[in-house]
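Have a look at the structure below before the remarks.
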Amino acid sequence: MFKILDKVELCPKIFRFRIEASKIVSKALPGQFVILRQNERGERVPMSIGGLDKENGILTVVIQEVGKTSASMNQMKTGDSFLDVVGPLGLPTHSENFGRCVCIGGGVGIPPIYPIAQGLKAAGNKVETIIGARTKDLLIYQEELTEASDILHIATDDGSFGTHGFVTTILEKLCEDGTPIDFIMCVGPVPMMRAVAEATRAKKIKTWCSLNPIMVDGTGMCGACRVTVGGNTKFACVDGPDFDAHEVDFGEMTSRLKMYHSQEKVAYDRFLEHKGDCKCQQASSDE
Ligand SMILES: Cc1cc2nc3c(=O)[nH]c(=O)nc-3n(C[C@H](O)[C@H](O)[C@H](O)COP(=O)(O)OP(=O)(O)OC[C@H]3O[C@@H](n4cnc5c(N)ncnc54)[C@H](O)[C@@H]3O)c2cc1C
Ligand code: FES
């Protein structure tokens, strides 16, 4: 069992969990992920590592409610435990000394950018981070990323904080400021990562992204996380989740993410109707 040491609401429907997981934390590196299962009947869901407290063996994950399982997990409280936390999974983000690096995060892609920025900084890079949200109230991890980055840039779609526009509005300015960018790492919604890739393709700036396709086993056996990168089939759970953003077939990835939308909607509606009090989410010990 993996105990929740504290749970904090970062903004509506997004919660930060700090979980006791010393063995995982001792081995984990920035850019990797874990698979969580709430209880015996729970679905296995992948979550990025949003912080590693190596000294105290504490893992941070940030969960956004988008469907049944994430809603159910976000009802857990400090002191509750996850039945399983499997990891660290996937390959870590490249953390060598590139020179000038830009880390870009959007939505729940912002927390994983935090350990990635820390890793790039520790490798001797100059790290500039760009985070974006629809509006000011949805911005998260500002304090952490201020500490981890040399400069933190913020964009909001509605202009309520920072630059009015998208992360790419800021990225385009940084690309033109006269100092070459050596490496870009982005994590966030697929349209954001696709836009970042398009903004840097012609300039040939090394741009990597962290993909979040549907995953089941997380060990390369089931094929659920299949993505096409540079014309080749890759499994994001073992070959990624990071890939060269200029090579990713984002169109295919978008359509594969929509594959189960109708079933997901039914499950979420049923969960909301029962206010989370349905047997399918209760551990057998609770029944
Ligand atoms: C490597 C990786 C890291 C991730 N990190 C985070 C994170 O840090 N925070 C966070 O909130 N979410 C993260 N996700 C997405 C998260 O796993 C899904 O949102 C979650 O599984 C949704 O489950 P659900 O039952 O609540 O929603 P569902 O109703 O099942 O689905 C809602 C949406 O989530 C997607 N989804 C569903 N099941 C999976 C699955 N097994 N794997 C991936 N996507 C799925 C669906 O395509 C759909 O768009 C990550 C996904 C991957 C692959
Ligand atoms: S999740 Fe099964 S192969 Fe990647």
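Given the conditions (1) outside any strand (DSSP E or B); (2) more than 16 Å from ligand 2 (Cβ to nearest atom); (3) closer than 30 Å to residue 207 by Cβ; (4) not small (Gly, Ala, Ser), which single one is not true for residue 91?
The failed condition is (2).
Restricting to segment 208-258, what's the tally of residues that are aliphatic (A, V, I, L, M) and in contact with a Lys or Arg (Cβ under 6 Å, 6 or more places away or on another chain)?
Residues flagged as aliphatic (A, V, I, L, M) and in contact with a Lys or Arg (Cβ under 6 Å, 6 or more places away or on another chain) within segment 208-258 amount to 1.
Residue 15: farther than 20 Å from residue 257 by Cβ, crowded, with 16+ Cβ neighbours inside 10 Å and in contact (Cβ under 8 Å) with a residue 12 or more places away in the chain, yes or no?
Taking the combined requirement at face value, the residue satisfies it.
Filter segment 132-174 for residues that are open to solvent by 50 Å² or more (accessible area, probe 1.4 Å), within 19 Å of the chain's Cα centre (by Cα) and under 17 Å from residue 196 (Cα atoms) and give the result.
134, 166
Can you pull out every residue in segment 259-268 that is near ligand 1 (Cβ under 10 Å from one of its atoms) and either open to solvent by less than 80 Å² (accessible area, probe 1.4 Å) or assigned to a helix (DSSP H, G or I) (or both)?
Selection gives 261, 263, 264, 265, 266, 267, 268.
Kindly indicate which of 111, 46 is in the same structural domain as residue 160 (by TED's automatic domain parsing) and at negative phi.
Result: 111 is the single residue among 111, 46 that is in the same structural domain as residue 160 (by TED's automatic domain parsing) and at negative phi.
Report yes if residue 63 is without any contact (Cβ under 8 Å) to a residue 60 or more places away in the chain, assigned to a strand (DSSP E or B) and not assigned by TED's automatic domain parsing to the domain that holds residue 197, otherwise no.
Here the answer is yes, as residue 63 does meet what is asked.
Please go through segment 124-154 and pick out each residue that is part of a strand (DSSP E or B) and under 18 Å from residue 13 (Cα atoms).
Across segment 124-154, the qualifying residues are 132, 133.
Regarding segment 194-210, can at least one residue be identified that is within 19 Å of residue 258 (Cα to Cα), within 18 Å of the chain's Cα centre (by Cα), touching a residue at least 12 places away in the same chain (Cβ under 8 Å) and away from ligand 2 (no atom under 16 Å from the Cβ)?
yes
Find all pairs meeting these conditions: Cβ atoms under 7 angstrom apart; at least six residues apart or on different chains; first residue within segment 133-147 and under 19 Å from residue 101 (Cα atoms); second residue among the polar types (S, T, N, Q).
145/129
Specify which of the listed residues (68, 126) is in contact with a helix residue (DSSP H, G or I) (Cβ under 7 Å, 6 or more places away or on another chain) and open to solvent by 10 Å² or more (accessible area, probe 1.4 Å).
From the options 68, 126, the qualifying one is 68.
I need every pair where a residue in segment 39-51 that is farther than 14 Å from residue 242 by Cα and open to solvent by 10 Å² or more (accessible area, probe 1.4 Å) has its Cβ under 8 Å from the Cβ of a residue that is near ligand 1 (Cβ under 10 Å from one of its atoms) and among the hydroxyl-bearing types (Ser, Thr, Tyr), sequence separation at least 6 or different chains.
Cβ pairs passing all conditions: 42/69; 42/72; 43/69; 45/69; 45/70.
The values are calculated or read from the model by the stated rules, or taken from the named source; none is laboratory data. As the structure is a prediction and not an experimental result, all values here were calculated from the model. Using ideal geometry, Cβ is built from the backbone for each residue, glycine included, and neighbour counts are taken over all protein chains shown. For the accessible areas, the whole protein counts, side chains as well, though only heavy atoms, and no ligand, DNA or RNA atoms are used. Shrake-Rupley method; radii C 1.70, N 1.55, O 1.52, S 1.80 Å.
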